[in-house]
1. Quickly run through region 1-60 and pick out the residues that are surrounded by 13 or more Cβ atoms within 10 Å (Cβ to Cβ) and in contact (Cβ under 8 Å) with a residue 60 or more places away in the chain.
2. Within region 68-79, does at least one residue satisfy the condition of being assigned to a helix (DSSP H, G or I), at pLDDT 95 or above and within 11 Å of the chain's Cα centre (by Cα)?
3. Assess whether residue 58 counts as being at pLDDT below 95 and either closer than 21 Å to residue 75 by Cα or not in a helix (DSSP H, G or I) (or both).
4. Specify which of the listed residues (21, 51) is assigned to a helix (DSSP H, G or I) and under 26 Å from residue 5 (Cα atoms).
């Protein structure tokens, strides 16, 4: 898989994980925004696919959700080469 496709897949997976946590009521967009240092609208726009994230903000979000980058990798990219 090409690097660009892997990065896109990681961001899409992060978007899904974030949305799942909000829908389940585990976190609010306000709480996520506070934890990662952005405005609530930025989080909402990311979840709804209207905006991406910088690497720094994505890293903060991964940490805030308590997951690892490995958890976000597409299955075919998880193979040890």
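1. 6, 9, 10, 13, listed by residue number.
2. Pass one, region 68-79, residues assigned to a helix (DSSP H, G or I): 69-72, 75-77.
When the remaining residues are screened for being at pLDDT 95 or above, the result is none.
The answer is no; no qualifying residue exists.
3. Details: at pLDDT below 95: no; either closer than 21 Å to residue 75 by Cα or not in a helix (DSSP H, G or I) (or both): yes.
In short, no.
4. Values: 51 fails: assigned to a helix (DSSP H, G or I).
Sole residue among the options that is assigned to a helix (DSSP H, G or I) and under 26 Å from residue 5 (Cα atoms): 21.
The values are calculated or read from the model by the stated rules, or taken from the named source; none is laboratory data. Quick caveat: nothing in here was measured; it's all calculated off a predicted structure. For neighbour counting, all protein chains shown are included, and Cβ atoms are generated from backbone atoms with ideal geometry for every residue, glycine included.
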